């Protein structure tokens, strides 16, 4: 199957547009002008991404090489179905999160908002860069930029807790990428002479089983943003960040960049053939399953809402890895689709956590008894978000989980079906008490007065939007589903 | 390109002009400085600028014709006369020297005016003389001439460093002792080469080399030259002189000497090994790779660990310089094309990075009057642009793409993998991680801890009252360095990224031609 | 050839090596800065002597060619390189001596600076003072 390619600078522009807004953000005299820059950049970015969508759905790819840095390796961009799916998720959620950021940061009167919005823009640029990378070097470049750009966001509060969390964050993220992923990339280059993502990988015929396994593990743990245990503990620590950061970066951009990178490397570099031949995919599935179950169990015991969500994220990320590593058509579709579906669900949950904090200053679940009476809209959105993450119809999450379940059956590894079902049960177990306590706790336990007082409008609107999108995606999953199946077609050559 | 083919005397004399221009300007600046304090600076600035332009023209000339320019001093042909050879390698290093000397000079105008107010003539003269010495070392094709120019550069370097803090003279004296031992060893080695070959011209000696590969005289000459150069480039365990000398010198001097001295010495080592002793002798016959790479590994590990122990910002930088020497020496002695490319590329990149870091040191010093890392509290809020530039430079040292440090490190690591020197690869990665710790420690201080007004010396270039009100962590007013310092610094930090993105072009169009085709 | 004549035949080399070692020893081991500087000068001089000695040839004379202007008659047939000592190393050493003097000058200037700062040239005393100052 030959893939038609189109030469266009659009992917570069899509990456750069938010960077170009930074001088505007920094130099703005008033808050409103500054935010206008952010929205303008976000809007243009989404338009650019969407304008490329028809070409990709047509089965073509868009290529652009910026500069050649090594023999046969350059800073190059390539838009294909997988990258498009991720870019679409990230750029559309950026707008929503920007809305939310404005509400959240202003209502809490946070300091250094200019710095916040500037680094936010860098982070989103890097995310799109990762999505549109044509080779591992470019991906690594944007991956590192993202790690560094999110550091000031994670440590926004500049206090002792932020400092130690920041350290942990860098230790895992930078240590993993420099210590494991970078050497793995160089060894790959040494043996294969290329770093381009090919539909069936580039390692076949160049490596033996031991080396392939070693490299796979180095990539899997080196891209620590994916939070595979034991490289996960930066994520709960990073929850010290302001909630919009947690929402976009730790439910969507950063962690999904990790998952996306691992998926890219597994399919585009190592290749499904090599994974299957040396039975590496079984090992990856096992590692992912352990993470799924253990993270869900830990989530049960967390009282701080954001930490519970963080452990939930760790588990959900491994769904993506598990799905792709199953190497069956449905499994892969489900895994890739989960990038999108989980994003919409989880961001809603984070928005809710932030809205609760904004309106009441409460962080702990045990203190949220009866909060449904105070903030009915937020808590309803919370219910929708959790249903989506658990995988309940009528929410988007159901679609990806359904494919994942089918995938386990197709691949004949039923043990992983058990893992998925167990995990869904655990998901329900750690989400429902929150919701239940919010609405249905007995009257004497209620900690709130009986009057409706939601968070500021800027906070509530975004979470309503993402919650509605989560439901909408159940009925209209086409853009993402089509992209995912297109990506799977390319990878599996069907 | 008829412009270059023509017999224009100015253009054809460029190889000599690029060295003699700063040399004569140095004399003029020195003499005028006696009468008029203000005169030397503009003269030196113009001379450095013209030298820089000449080196650009030379680079273009070499790249467009693709052949080395051989300039005969006073018209005497080699091997009798002294020749200056501008090939891809020397043109690159000459361009590096002139641009760093120029940028550092321009950026530090206010520093020079205040610190060397009464020594304007001496300082400007020495600055130019040092530059001329380095340029001559790079350009010359004569082994003995190299010694003389090396000593010109060294002596003016000692004097420049000696002008620093109160402790500087003692450190400089120790530097002078070791530097003299190094240079004299080199001279001794040249003597043995002369006995064995009867020639001092590098190319001439190289043509004789294949016949005398097994001469013990040549072996001795090789060893003693290398030991001399290794002392001069401060490789572990011969590094003792460097940290004190560099950290106690004035910032302007350090900004010139620190990026260039070790790097040019490494260039000399490469030049001697490739052009004089020939790669055949260095790599195949002697098989020096293992020993030298282990020496490099030792240097990298030692430099990195020592840097961790430093509390003072400039001292930390000096140990990073030592570790980086290990990068380049190790990369070169990998003996394969990728490794040697990486070493040469890293000469350029590391010089640029070191320049940026020392310029930052100058700005911090100007701001706080201190050199401890603790003095950088609250800097991100206070000087966001300076800190942005500093961050880029630091990330380049760590080796984060797209800064240039990443790309040369890539070549070095690839070379290490190709040569099977896995310990070298591990040392490079270890050093990257240590560098990350070093700089993030500073970032943490600058990011998390509130700015403190700490002007110990009563400097007249900052306003105390204005800053005293800015104690609150979150409501700090931005107070940047003056534009004269800030703009060159920002330009250099942007250059670090540009160099990185164009490293492929640099390697393809320049470095590839600089490495003999016998190295695969 | 017995050992004595072996040494005697290479007397110039032995001399320079011994001087080199003396100089190096003084630079490394002496406590007084001026003594170190003296060691450095001895060290450099050793190499200068080495160069001068390698230009010398047994039975050679000054390298001045008496009938140099007698061209056209095949000057080469009259002149044998072996009859003249090699002038080049000597010329080189003129430069090296200048370098050495310059180095000495800088070193002494620095030593004066050190003396002005610490009031002594003994390294251990200086080190003590530095430690006291912290």
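The values are calculated or read from the model by the stated rules, or taken from the named source; none is laboratory data. A quick note: this is a predicted structure, and the numbers were derived from the prediction, not measured. Using ideal geometry, Cβ is built from the backbone for each residue, glycine included, and neighbour counts are taken over all protein chains shown.
Exactly one residue among B:401, B:450 is within 11 Å of chain A (Cβ to nearest Cβ), at pLDDT below 90 and under 24 Å from residue B:329 (Cα atoms), and that residue is B:401.
Taking the stated definitions as given, is residue A:354 more than 30 Å from residue A:276 (Cβ to Cβ), modelled with pLDDT under 90 and buried (at least 24 other Cβ atoms within 10 Å of the Cβ)? Explain how you work it out, then say what you get.
Numbers: more than 30 Å from residue A:276 (Cβ to Cβ): yes; modelled with pLDDT under 90: yes; buried (at least 24 other Cβ atoms within 10 Å of the Cβ): yes.
In short, yes.
Annotation: residue A:109 fulfils all but one of (1) assigned to a helix (DSSP H, G or I); (2) closer than 24 Å to residue A:245 by Cα; (3) free of Cβ contacts under 8 Å to residues at least 12 places away in the same chain; the unmet one is (1). Note on segment B:66-87: residues that are modelled with pLDDT of 90 or more and not in a strand (DSSP E or B) amount to 1. Annotation: residue C:78 fulfils all but one of (1) surrounded by fewer than 18 Cβ atoms within 10 Å (Cβ to Cβ); (2) at pLDDT 80 or above; the unmet one is (2). Summed over segment C:13-24, residues that are more than 12 Å from chain B (Cβ to nearest Cβ) and surrounded by 12 or more Cβ atoms within 10 Å (Cβ to Cβ) total 4. I'd like to know if segment A:72-88 contains one or more residues that are at pLDDT 85 or above, within 14 Å of chain B (Cβ to nearest Cβ) and within 26 Å of residue A:39 (Cα to Cα). For segment A:72-88, residues at pLDDT 85 or above, within 14 Å of chain B (Cβ to nearest Cβ) and within 26 Å of residue A:39 (Cα to Cα): present. Scanning segment B:215-224 for residues that are within 12 Å of residue B:205 (Cβ to Cβ) and within 28 Å of the chain's Cα centre (by Cα) yields a total of 2.
Just a yes or no: is a residue in segment B:279-292 crowded, with 24+ Cβ neighbours inside 10 Å and either under 22 Å from residue B:132 (Cβ atoms) or at pLDDT 90 or above (or both)?
Pass one, segment B:279-292, residues crowded, with 24+ Cβ neighbours inside 10 Å: B:282.
So of that shortlist, the ones also either under 22 Å from residue B:132 (Cβ atoms) or at pLDDT 90 or above (or both) come out as none.
Looking for residues that are crowded, with 24+ Cβ neighbours inside 10 Å and either under 22 Å from residue B:132 (Cβ atoms) or at pLDDT 90 or above (or both), one finds none in segment B:279-292, hence no.
Please determine whether any residue of segment B:377-394 is more than 9 Å from chain A (Cβ to nearest Cβ) and over 25 Å from residue A:157 (Cα atoms). The answer is yes, given that some residue of segment B:377-394 is more than 9 Å from chain A (Cβ to nearest Cβ) and over 25 Å from residue A:157 (Cα atoms).
Apart from one condition, residue C:132 fits all of (1) away from every other protein chain (no Cβ under 12 Å); (2) modelled with pLDDT of 85 or more; (3) within 27 Å of residue C:17 (Cα to Cα); the exception is (3).
Any chance segment A:40-51 includes a residue that's outside any helix (DSSP H, G or I) and farther than 26 Å from residue A:255 by Cβ?
Applying the first criterion (outside any helix (DSSP H, G or I)) to segment A:40-51 yields none.
No, because not a single residue in segment A:40-51 is outside any helix (DSSP H, G or I) and farther than 26 Å from residue A:255 by Cβ.
Given the structure, is residue A:130 within 14 Å of chain B (Cβ to nearest Cβ), outside any helix (DSSP H, G or I) and under 26 Å from residue A:180 (Cβ atoms)? Taking the combined requirement at face value, the residue does not satisfy it. Taking (1) without any contact (Cβ under 8 Å) to a residue 24 or more places away in the chain; (2) within 30 Å of residue B:69 (Cα to Cα); (3) within 9 Å of chain C (Cβ to nearest Cβ); (4) crowded, with 24+ Cβ neighbours inside 10 Å in turn, residue B:195 satisfies each apart from (4). Taking the conditions (1) under 22 Å from residue C:88 (Cβ atoms); (2) within 11 Å of chain B (Cβ to nearest Cβ); (3) exposed (fewer than 13 other Cβ atoms within 10 Å of the Cβ) in turn, residue C:59 satisfies each one other than (2). Taking segment C:2-70 and the helices (runs of 4 or more DSSP H) fully enclosed by it, the elements with 1 or more residues that are at pLDDT 85 or above are at C:11-29, C:33-55.
Based on this model, can you work out whether residue B:185 counts as facing chain C (nearest Cβ under 7 Å), at pLDDT 90 or above and over 30 Å from residue B:117 (Cβ atoms)? Spell out the reasoning first.
Working: facing chain C (nearest Cβ under 7 Å): no; at pLDDT 90 or above: yes; over 30 Å from residue B:117 (Cβ atoms): yes.
No: the conditions fail for residue B:185.
Residues that are in contact with a helix residue (DSSP H, G or I) (Cβ under 9 Å, 6 or more places away or on another chain), within 14 Å of chain C (Cβ to nearest Cβ) and modelled with pLDDT under 85 are absent from segment B:100-112 altogether. Would you call residue B:123 modelled with pLDDT under 95, buried (at least 22 other Cβ atoms within 10 Å of the Cβ) and within 30 Å of residue B:213 (Cβ to Cβ)? Here the answer is no, as residue B:123 does not meet what is asked. Residues in segment B:147-180 that are in a helix (DSSP H, G or I), surrounded by fewer than 24 Cβ atoms within 10 Å (Cβ to Cβ) and at the interface with chain C (Cβ under 7 Å from one of its Cβ atoms): B:148, B:159, B:177.
When B:445, B:413 are screened for being at pLDDT 90 or above and either touching a strand residue (DSSP E or B) at 6+ places or on another chain (Cβ under 7 Å) or within 11 Å of chain A (Cβ to nearest Cβ) (or both), only B:413 passes.
Being surrounded by fewer than 20 Cβ atoms within 10 Å (Cβ to Cβ), within 11 Å of chain B (Cβ to nearest Cβ) and within 15 Å of residue A:271 (Cβ to Cβ) is the filter here, so list the residues in segment A:162-192 that pass it. Within segment A:162-192, A:191 is the sole residue that qualifies.
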